[in-house]
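A short write-up of the structure that comes next.
The values are calculated or read from the model by the stated rules, or taken from the named source; none is laboratory data. What you are looking at is a predicted structure, and each value in this text was computed from that prediction instead of being measured. Positions of Cβ are generated from backbone atoms using ideal geometry, with glycine treated the same way; all protein chains shown enter the neighbour counts. Ligands, DNA and RNA are excluded from the accessible area calculation, which covers all protein heavy atoms including side chains. Shrake-Rupley method; radii C 1.70, N 1.55, O 1.52, S 1.80 Å.
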Amino acid sequence: MKSMKIGVIGAGAIGQAFAKAAAAAGYEVMISNSRGPASLQEFAASHPGITATDRHTAATADIILLSVQWQYLEAATAGLPDLRGKIVLDALNPVITPEFIIPDLGGKTSSEIVAAHVPGAAVVKIFNTLPPALISATPASQEGKRVIFFSGDDQDAKVVTGQLLDRMGLAGVDLGGLVQGGVMQHFPGGPLAGLHLVKLEMEV
């Protein structure tokens, strides 16, 4: 796979955990938040391969992780550059914090709403079902890989996502289309939310 740049929009626990894991896997990672690059300089300086930037620059990467609180989705995606040909990894959960309010999605999955905010991008739902600490941590069993569920409608984007996970030392499980998989990944209430699995490497 060619060397790809990764952008992160949202530097909370999930965004930082993903950025560290991707950088450790050899990717060039650009991370951003709403407070500006200066607020992330210390984090970036502590992790080789990570650069602090703004969200517009992060959105120029080949793969973009979107990981902001639900109430900031519109602000985080407003005015981004053309996302055609980009892969957007949707790690959002439809919960308004800190009150833990579940918004009315009008019968749609959260990823359908996210996709409407990033027109032209291939959206892959991922990294929303596990606690952030598990994304970058080594599995308890050294003989296996942590399972990460993902779903999306663009098959090429899912192939690239699977390659990304493999390079990060994770075991990807493709759940199918964005709506089909999104229902299973939905938090709260989805059957895969919080499910922690390790795929063992079996000797032949």
Q.
Can you give me the orientation-averaged projected area of the convex hull built on the Cα atoms of the range 1-94, in nm²?
A. 5.8 nm²
Q: List every residue whose amide H lies under 5 Å from the amide H of residue 144, counting only residues 5 or more places away in sequence or on a different chain, with H placed 1.01 Å from N in the peptide plane.
A: 201
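Using DSSP, restrict attention to beta bridges with both residues in the range 1-154 and report what percent are antiparallel, rounded to the nearest 5. List each step's numbers first, then the result.
Details: 4 of 24 bridges.
Antiparallel bridges: around 15 percent, rounded to the nearest 5.
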Q | For the range 65-80, 3J(HN,Hα) per residue [Karplus equation, 6.51 cos²θ - 1.76 cosθ + 1.60, θ = phi - 60°, Hz, x = Gly/Pro] | A | 8, 9, 9, 10, 5, 3, 5, 9, 4, 5, 5, 6, 9, 5, x, 5
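Determine the alpha carbon to alpha carbon distance for each of 86/158; 86/125; 86/199; 125/158; 5/86; 20/145 and list only those over 19 Å. Mind showing how you got there, number by number?
Numbers: 86/158 12 Å; 86/125 14 Å; 86/199 29 Å; 125/158 10 Å; 5/86 11 Å; 20/145 17 Å.
Long pairs (Cα-Cα over 19 Å): 86/199.
What length, rounded to one decimal in nm, is gained on full extension from residue 180 through to residue 62, with 0.36 nm per residue of separation minus their alpha-carbon distance? The partial results should precede the final answer.
Details: separation 118, 0.36 × 118 = 42.48 nm, distance 2.51 nm.
This chain segment gains 40.0 nm when fully extended.
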(Q) Apply the Karplus curve 6.51 cos²θ - 1.76 cosθ + 1.60, θ = phi - 60°, to the phi angles in the range 161-167 and return the couplings in whole Hz, x for Gly and Pro. (A) 4, x, 5, 4, 4, 4, 5
Q. Hey, what did the range 25-92 get for relative contact order, percent, Cα under 8 Å, at least 6 apart?
A. 31 percent
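Could you compute Rg(Cα) / (2.2 N^0.38 Å) for the range 35-142, with N its residue count? Kindly include the intermediate steps, with their values, before the conclusion.
Values: Rg = 15.2 Å, N = 108, 2.2 N^0.38 = 13.0 Å.
Against the compact-globule rule of thumb, the ratio is 1.17.
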Q | Carbon/sulfur fraction of accessible area - the range 1-86, other protein chains in place, 1.4 Å, % | A | 50 percent
**Q.** Amide H contacts under 5 Å for residue 8, placed H, 5+ residues apart
**A.** 30, 31, 32, 65
**Q.** Leading residue at positive end of dipole, the range 13-134 (Cβ point charges), from 79, 131, 29
**A.** 29
Q: Could you tell me the distance between the Cα centroids of the range 172-194 and the range 44-114, to the nearest Å?
A: 18 Å
Q: Starting at the first residue of the range 3-13, write each ³J(HN,Hα) from the Karplus equation 6.51 cos²θ - 1.76 cosθ + 1.60 with θ = phi - 60°, in whole Hz, x for Gly and Pro.
A: 5, 10, 8, 10, x, 10, 10, x, 10, x, 4
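What dipole magnitude, in Debye to the nearest 20, does the chain give about its Cα centre under +1 on Lys/Arg Cβ and -1 on Asp/Glu Cβ? Write down the numbers at each step before the final one.
Values: 14 positive and 18 negative charges, 45 e Å.
Here the chain has a charge dipole of around 220 debye.
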Q: Once you have a ≥ b ≥ c as the square roots of the Cα gyration tensor eigenvalues for the range 17-56, tell me rounded if a/c is under 1.5, and otherwise prolate or oblate according to whether a/b is larger than b/c.
A: prolate
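Rolling a 1.4 angstrom probe over the protein heavy atoms, how many square angstrom per residue are accessible across the range 1-40? The partial results should precede the final answer.
Details: 1620 Å² over 40 residues.
About 41 Å² of surface per residue is accessible.
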Q.
Under the rule of at least 5 residues apart or a separate chain, name every residue whose amide H is placed under 5 Å from the amide H of residue 197.
A. 147
Q | Solvent-accessible area, 1.4 Å probe, carbon plus sulfur percent, for the range 90-204 | A | 58 percent
**Q.** Answer label for Rg and Dmax of the Cα atoms in Å (calculated), chosen among [x] 16.7, 48; [y] 15.9, 52; [z] 15.7, 46
**A.** [y]
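Antiparallel as a % of all DSSP beta bridges within the range 91-204, to the nearest 5? Mind showing how you got there, number by number?
Values: 7 of 12 bridges.
If I count the DSSP bridges inside the range 91-204, around 60 percent turn out antiparallel.
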Q. To the nearest 0.05, how large is the calculated FRET efficiency for residue 28 and residue 97 if R₀ is 30 Å and r is the Cβ-Cβ distance?
A. 0.45
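Report the relative contact order of the range 1-141, percent, no decimals, based on alpha-carbon pairs under 8 angstrom and at least 6 residues apart. Walk me through the intermediate numbers first.
Values: 273 pairs, mean separation 34.9, N = 141.
About 25 percent, as a whole number.
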